[in-house]
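*Asks:* Quick one: the structure is below, and I'll ask about it shortly.
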Amino acid sequence: MDIPNNLVGLIRSSDSIAALTGAGISQESGLRTFRDKLEGLWAQYKPEDLATPEAFERNPEVVWDFYNVRRLRSCEVQPNPGHFALAEMERYLKNFILITQNVDGLHSRAGSRNVLELHGNITRVKCSRNCGIITRWEDTSGCSPACPTCGAKLRPDVVWFGEMLPRDVLASAMQAARRSDVFLSIGTSALVQPAATLPVLAKQNGAVIVEVNLEATLLTPFVDYFLCGKAGEVLPELVRVTWLR
Ligand code: NAD
Ligand code: ZN
């Protein structure tokens, strides 16, 4: 993959970079993206039937089981060269913010520090009655436990369909997008709102938009550079030609 020279120059001289990642970056670690069909026991479901507050109310055991499997998979797999390249980028730059839609925690495991998790994290649970309890949860068996404070069921601390994003995290992400002079959109279909508006905000504020994806998305016509390929190959190359050559 050839990285254009003028992009390398822009990144080197930029003051502030924001990157948005989606399920595509974790695909090379072995986690399925949203568009891949669910397998096995889950084949009869659509994610929209499992990842909603209504589904949890109707059938907490099934939803809890679904997250047990996803939590187990997230813990079993390893960050890949794409995750590591972003962690490295952060070390070379004064201002670098990583905004992720992923709930798998792989960016932090790869060493990224400045991470905004827009959709939560699968290794935490919170009270379904929102009494304020949020706690780490690495168990991958059993069923939905009771909140130690109010007795309601605990649920994964992730954003489900139809739910609002954590307000402070979203505000920080919007601010990072507005401030960035280079904005990277990586492995995301750029369909899910409000994450999809972040590159638009960045562009309106004059940022150069760079997309890394296996295929064109709805965002592609608006980007300044489309780097077509696997995140796990393109990102290490981007770091190499920018800082290590
Ligand atoms: P998406 O599945 O809609 O899109 C994935 C995108 O990644 C596609 O455009 C695809 O072409 C691209 N892609 C696939 N493999 C790639 C690779 N190796 N390199 C570069 N690009 C690649 O995912 P999304 O845009 O993140 O939105 C879906 C929602 O699903 C998000 O809200 C997210 O929270 C959730 N989700 C998260 C995980 C996770 O945490 N790992 C997994 C599945 C879904
Ligand atoms: Zn509670």
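*Asks:* Which residues, taken from the stretch 19-63, are closer than 19 Å to VAL159 by Cβ, in a helix (DSSP H, G or I) and under 22 Å from the mean Cα position of the chain (by Cα)?
*Replies:* Once the filter is applied, which keeps residues that are closer than 19 Å to VAL159 by Cβ, in a helix (DSSP H, G or I) and under 22 Å from the mean Cα position of the chain (by Cα), the stretch 19-63 yields ALA23, GLY24, ILE25, SER26, PRO47, GLU48, ASP49, LEU50, PRO53, VAL63.
*Asks:* Of all residues in the stretch 119-165 being farther than 26 Å from GLU76 by Cβ and within 13 Å of ligand 1 (Cβ to nearest atom), which is surrounded by the most Cβ atoms within 10 Å (Cβ to Cβ)?
*Replies:* Of the stretch 119-165, the ones farther than 26 Å from GLU76 by Cβ are 127-133, 146-152, 162-165.
In the following step, the residues that additionally are within 13 Å of ligand 1 (Cβ to nearest atom) were identified as 162-163, 165.
Numbers: GLY162: 10, GLU163: 13, LEU165: 18.
Out of the qualifying residues, it is LEU165.
So that you can scan it fast, the table gives a plain yes or no per residue for (1) in a strand (DSSP E or B); (2) away from ligand 2 (no atom under 16 Å from the Cβ); (3) under 15 Å from the mean Cα position of the chain (by Cα):
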| residue | (1), (2), (3) |
| --- | --- |
| PHE84 | no, yes, yes |
| HIS107 | no, yes, yes |
| ARG113 | no, yes, yes |
| GLU138 | no, yes, no |
| PRO148 | no, no, no |
| ARG155 | yes, no, no |
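*Asks:* Okay, next question. Under 6 Å by Cβ, and 6 or more places apart or on different chains, what pairs join a residue from the stretch 115-133 that is assigned to a strand (DSSP E or B) with one that is within 7 Å of ligand 2 (Cβ to nearest atom)?
*Replies:* Here the result reads CYS127/ILE133; CYS127/CYS147; CYS127/ALA152, each pair linking the stretch 115-133 to a residue that is within 7 Å of ligand 2 (Cβ to nearest atom).
*Asks:* Which of (1) touching a residue at least 40 places away in the same chain (Cβ under 8 Å); (2) assigned to a loop (DSSP other than H, G, I, E, B); (3) open to solvent by less than 40 Å² (accessible area, probe 1.4 Å) does GLN78 not meet, given it meets every other one?
*Replies:* (3)
*Asks:* Take the conditions more than 17 Å from THR123 (Cα to Cα), in contact with a Ser or Thr (Cβ under 7 Å, 6 or more places away or on another chain) and among the polar types (S, T, N, Q) and apply them to THR21. Does it pass?
*Replies:* Taking the combined requirement at face value, the residue satisfies it.
*Asks:* Could you say which residue among ALA173, ALA190 is in a loop (DSSP other than H, G, I, E, B), crowded, with 16+ Cβ neighbours inside 10 Å and more than 16 Å from ligand 2 (Cβ to nearest atom)?
*Replies:* Only one candidate passes the filter, namely ALA190.
*Asks:* Any chance you could count how many residues in the stretch 34-63 are within 16 Å of ligand 2 (Cβ to nearest atom) and in contact with a Cys (Cβ under 8 Å, 6 or more places away or on another chain)?
*Replies:* Total satisfying the criteria: 1.
The values are calculated or read from the model by the stated rules, or taken from the named source; none is laboratory data. Please read these numbers as outputs of a predicted model, since none were measured by experiment. Cβ sites come from the backbone with ideal geometry, for glycine too, and all protein chains shown count toward neighbours. Please note that ligands, DNA and RNA were not included when accessible areas were found on the heavy atoms of the full protein model with its side chains. Shrake-Rupley method; radii C 1.70, N 1.55, O 1.52, S 1.80 Å.
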